[in-house]
Amino acid sequence: MPRPADPDPELQEDDNDDDEIMDDQEDGYTSSTTTSTVTWISWFCSLPGHEYFCEVTEDFIEDDFNLTGLNVMVPFWKEAMEMVMDIEPDEDAATKIPDVSIVESSAEMLYGLVHQRFILTRAGLQAMIDKYENNAFGVCPRVLCRSSTVVPCGRSDLPGLDTVKLYCPNCNDIYVPPSSRYQGVDGAFFGTTFAHLFFQSYRELAPAPFYKPPPPPSSTASSPSSNASAIEPASEAFVNPNPYGGQKRAEGAIYYPRIYGFKVSERAKSGPRMQWMRVRPESPEQLDRVDWRGHWIGEYSDDDDDDEDGGEMEMQDFDPDVTYEDDDDEEEEEEEEMQAEPPRASGSRRMVGAAGVVQSARTAPTAAGLRPPAPVKTQAINIPRIASSGQVRVVRQYIPAAA
Amino acid sequence: MFHRAVEEISTGSDSDYSRCWVSWFLSSKGNEYFCEVDEDFIVDRFNLTGLNSEVSNYNQALELITDNLDEDIQDDLRASLDVQARLLYGLIHARWIVTTRGLQKMLDKYKRVEFGRCPRVMCQQQPLLPVGLTDTPYQKSVKLYCGRCEDIYSPKSSRHAAIDGAYFGTTFPHLLFLIYPNLIPPKSGPPLDSASTMRNEPAEGGSRRRRNVRDEIQEAVAGDGADINTSSVALKVERYRPRIYGFQVNEVAKLQRWQEALRDRQVQRLEALEDR
């Protein structure tokens, strides 16, 4: 569990003094001025390594609805709450706590988890964009992202799993913060959603998914970085036809390894294998040439086995239980179909087929149970070469009944 | 900088170390990426062909590097000579590290992770290699190449961000992996070599470890990589998938699907080549 640098006990007391001062309407406790006028929240956000946090407003914390479920995750809930809100603790309660640092870590966890929720609200997004515009989060370390500004991002919404990372909207990837002082900050305090909700909310900051390299100025200089200055001349306003997508011109240059000036061929064992991860299509329409399972639309080839990986990954997201087994069958049958008949409009049919699978599984007769039972499967294999898509599924279901 | 060297000399620290310009240069802060160029490489004029037009005061700068410079040279000239000597050494370095021995020396440093680790989370701390974006000096600072994601990153420290990329050249990391395909990092899982070095680190002394590293390199270098097949490695790559409340972000997911379809196409192409 990442924890902050151990809080200075004196500071702690100052905080308590601080309450008195606030209660006393600041009447002359000038001795501890500098630290005492600071609330716990601003003190916490000013600690080294806490630069990514914004200050959660007190009324957000005070609203119990916003804290739903957190009290089971944070030990010493009441004490932590008092610390965060700068409330003078009860006399007898204070004696119960063996060590103030325990409460301190609870308070940090409480604040962090509230912070995770707060930055998804309108006020929180606003607070974070202010920090973003002040470059509080730094820039992407990837050279060809050309210092795109990043935002903090967690890999999990549960605390204690991983430290904070930085998300770059240009390369859609996450990076380790450059300084080790962020190694102690829990990623859950920012959460998995924030970075992406942020760029959905401020679309003018999100790079569009396509990129047209600027026309080569005079000579195509060898280094990919020489395109830098060439982006400016294309001064006409940039428009993404998808109004819900990123509205910013992307930094789309990719790196080509070269040996003595010659590009390394992909035929070499050491040749480029990863450029796909950074490349963007030149126009948004090209994105539509790949269907929801990651297949090229209207293109039959025997690469379906390779594509299966990607396809299944997508499938998992939708409905792992239902579609998994059938998916494979469908894959096989599609290949058969490919051999059997000339390719026809593929994408839409595939969709139909898949929909058929899901539907048949859902509407399956109750006697059959939750899945197509095993006998049905063998039966289906016994009548193999019939063909493919949704309709055949129906046949499959009825055959055992008829027999 | 130069003053420090002068001081070291004049205070009479008697080891060879302080008297040798190259050693001083390598040990000064910010020059950690450089390796030592063998002296016989420097004195062979063939290796320096053309550099005399890049470096002013070429002869004296070379004398300074090889520690043959006259003692009675004026201080202001000395200071400017130092700049030239650095430039000259850097350009020689760029040529040196693409020779067999130079590659070995840089490999040694790579195995000791002296160039840092990839900041990309999914690369799991893959060690990096220095690379330039151009071979002409005074254009671009040095970048770091990750053999796993095959992309380039800026050094974390501003010290290193100030080093000229031409001192490493555009070729070096790619030539390294071309010649030693066994060293091409895996696309998933923890990096092999760094894991083994890290395991050795606490238990064993420096010299012992260095020998181990050498052995490993020898092992890696020994194979010609005939058994390596990298045509489908890209399928194993881990990617980050942006999600809002667990749901993928439409436009990004679309882009990633497109990219992966492109990847599959390449894999298919390469496998077809392999079968032939």
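Read the figures in this text as sums done on the coordinates, not as results from a lab. In this text, all values refer to a predicted model and were calculated from it rather than measured experimentally. Here the Cβ is made from the backbone with ideal geometry for all residues, glycine too, and neighbour counts use every protein chain on show.
Taking the Cα centroid of region A:237-252 and of region A:98-156, what is the distance between the two, rounded to the nearest whole Å?
Value for the Cα centre distance between the two parts: 26 Å.
Return the distance in nm (one decimal) between the two label points of a simple spin-label model at B:E238 and A:E58, each offset 7 Å from Cα along Cα→Cβ.
4.3
With +1 on each Lys and Arg Cβ and -1 on each Asp and Glu Cβ, how big is the dipole of region A:40-119 about its Cα centre, in debye rounded to the nearest 20?
It works out to roughly 400 debye.
Between A:N66 and A:V239, what's the calculated FRET efficiency when r is the beta-carbon distance and R0 is 56 Å? Round to 0.05.
Details: r = 38 Å, r/R0 = 0.68.
Taking R0 as 56 Å, the efficiency between A:N66 and A:V239 is 0.90.
Under 17 Å from the 7 Å Cα→Cβ point of A:W77, by amide nitrogen: which residues of region A:150-176?
A:159, by backbone N distance to the label point.
Per residue of A:143-151, how many C-beta atoms from partner chains lie within 10 Å of its own C-beta, taken as a mean? Provide the component values of the computation, followed by the final result.
Numbers: counts 11, 4, 3, 0, 1, 0, 0, 0, 0.
Per residue, the number of nearby Cβ atoms from other chains is 2 on average.
Taking 8 Å as the Cα distance limit and 6 or more residues as the minimum spacing, I'd like the relative contact order of region A:40-119 as a percentage. Mind showing how you got there, number by number?
Working: 57 pairs, mean separation 29.4, N = 80.
Taking the mean separation of contacting Cα pairs over the length of region A:40-119, I get 37 percent.
On a full-extension model of 0.36 nm per residue, what is the gain between A:S147 and A:M85, subtracting their alpha-carbon distance, rounded to one decimal in nm? Walk me through the intermediate numbers first.
On the way: separation 62, 0.36 × 62 = 22.32 nm, distance 3.75 nm.
Between A:S147 and A:M85, full extension yields an extra 18.6 nm.
Please state the equivalent ellipsoid semi-axes for region A:40-119: what are the square roots of 5 times the Cα gyration tensor eigenvalues, largest first, in whole Å?
Details: eigenvalues 80, 46, 25 Å².
The answer is 20, 15, 11 Å, longest axis first.
Which of A:K269/B:K254; A:K269/B:K236; A:K165/B:K236 have a Cα-Cα distance over 25 Å? Show your work: numbers first, answer last.
On the way: A:K269/B:K254 29 Å; A:K269/B:K236 16 Å; A:K165/B:K236 22 Å.
Beyond 25 Å: A:K269/B:K254.
At a Förster distance of 41 Å, what's the computed FRET efficiency of B:T99 paired with B:R269, Cβ-Cβ distance as r, to 0.05? Walk me through the numbers before you get to the answer.
On the way: r = 34 Å, r/R0 = 0.82.
Between B:T99 and B:R269 the formula returns 0.75.
Full-extension gain between B:Y138 and B:S56, please, as 0.36 nm times their residue separation minus the C-alpha to C-alpha distance. The partial results should precede the final answer.
Details: separation 82, 0.36 × 82 = 29.52 nm, distance 1.43 nm.
Additional length available on full extension: 28.1 nm.
Return the subset of B:K109/B:K143; A:K263/B:K187; A:K212/A:K248; B:K29/B:K109; A:K78/A:K131 for which the Cα-Cα distance in this structure is over 19 Å, preserving the input order.
Values: B:K109/B:K143 16 Å; A:K263/B:K187 21 Å; A:K212/A:K248 13 Å; B:K29/B:K109 16 Å; A:K78/A:K131 30 Å.
Beyond 19 Å between Cα atoms: A:K263/B:K187; A:K78/A:K131.
If the chain between B:S158 and B:D108 were fully stretched, how many nm would it gain, using 0.36 nm times the residue separation less the Cα-Cα distance?
Details: separation 50, 0.36 × 50 = 18.00 nm, distance 2.38 nm.
Length difference between fully extended and current span is 15.6 nm.
For the peptides A:158-165, B:177-184, B:66-73, what is the packing order when you average, over each peptide's residues, the other Cβ atoms within 10 Å and list the highest mean first?
B:177-184, A:158-165, B:66-73
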